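The values are calculated or read from the model by the stated rules, or taken from the named source; none is laboratory data. Here the structure is a predicted model, which is why all the values come from computation and not from measurement. Here the Cβ positions follow ideal geometry from the backbone for every residue, glycine too, while neighbour counts run over all protein chains shown. These accessible areas exclude ligands, DNA and RNA; they are computed on the full protein's heavy atoms, side chains included. Shrake-Rupley method; radii C 1.70, N 1.55, O 1.52, S 1.80 Å.
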Amino acid sequence: MSNKKIVLYGSLSIIFMITLFFSWYEGSGIRDDTFEWGNSTPFTNFSKQSITNPSDISNLDHFVYAAKFNPIYPLIMTLSILLIVSIALWNQSSIYSMTGLFILGLILILISILNYAPSTIGGKYFVSTFIILGIYYVTASLFFLLRKRIFVSKIKE
């Protein structure tokens, strides 16, 4: 791996770790917001029946709360991890990696469709970001796969 790639992956990893910490910190507001305990704690509600005190709330629910109400750091965190994955797939330039990028794009579009009309500002940011990235991943991988198929068919002739 070249030095440029190491710096790129290292920088994106550092950005991910910093925004992960800030997202977790901003999401800790869920412990004080008792009205959101029923709506913004899917991980705790999945594992337990009810929340009686703030210590019952899962740390993963901090990210859900931050993404709903303070979306800047969770959005940067999500973008950095998606960039790491997409750059790793794009650098391989194989049919399998482009298929993986295509599937990732379809998953992002599906997540956007399932959360079509979000009620929070964070949900709106995530839906629009996921739909844009999903369309980009799908079209870029389709162009690559079509170009690869045309190139392979010319070689066979």
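Scanning the stretch 93-106 for residues that are closer than 22 Å to LEU12 by Cβ and either touching a Gly at 6+ places or on another chain (Cβ under 9 Å) or small (Gly, Ala, Ser) (or both) returns SER93, SER94, SER97, GLY100, LEU104, GLY105. When you scan the stretch 114-130, how many residues do you find that are within 13 Å of ILE72 (Cβ to Cβ) and hydroxyl-bearing (Ser, Thr, Tyr)? Counting residues in the stretch 114-130 that are within 13 Å of ILE72 (Cβ to Cβ) and hydroxyl-bearing (Ser, Thr, Tyr) gives 2. Being farther than 21 Å from LEU133 by Cβ, surrounded by 13 or more Cβ atoms within 10 Å (Cβ to Cβ) and under 21 Å from the mean Cα position of the chain (by Cα): is that true of SER13 here? So SER13 fails the test. Among what's in the stretch 84-99 and is of a type in the set (A, V, I, L, M) and at pLDDT below 90, pick the residue that is surrounded by the most Cβ atoms within 10 Å (Cβ to Cβ). Looking at the filtered set, the residue picked out is MET98.
A count restricted to the stretch 100-122 and to residues that are more than 12 Å from the chain's Cα centre (by Cα) and either at pLDDT 85 or above or open to solvent by 70 Å² or more (accessible area, probe 1.4 Å) (or both) stands at 14. For the stretch 20-49, filtered to residues that are loosely packed, with under 13 Cβ neighbours inside 10 Å and part of a helix (DSSP H, G or I), the residue that is modelled with the highest pLDDT is PHE21.
Scanning the stretch 136-155 for any residue that is aromatic (Phe, Trp, Tyr), under 19 Å from PRO74 (Cα atoms) and at pLDDT below 90 turns up nothing.
For the stretch 62-78, the set of residues classified as of a type in the set (A, V, I, L, M) and either in contact with a helix residue (DSSP H, G or I) (Cβ under 7 Å, 6 or more places away or on another chain) or open to solvent by less than 30 Å² (accessible area, probe 1.4 Å) (or both) consists of VAL64, ALA66, ALA67, LEU75, ILE76, MET77, listed by residue number.
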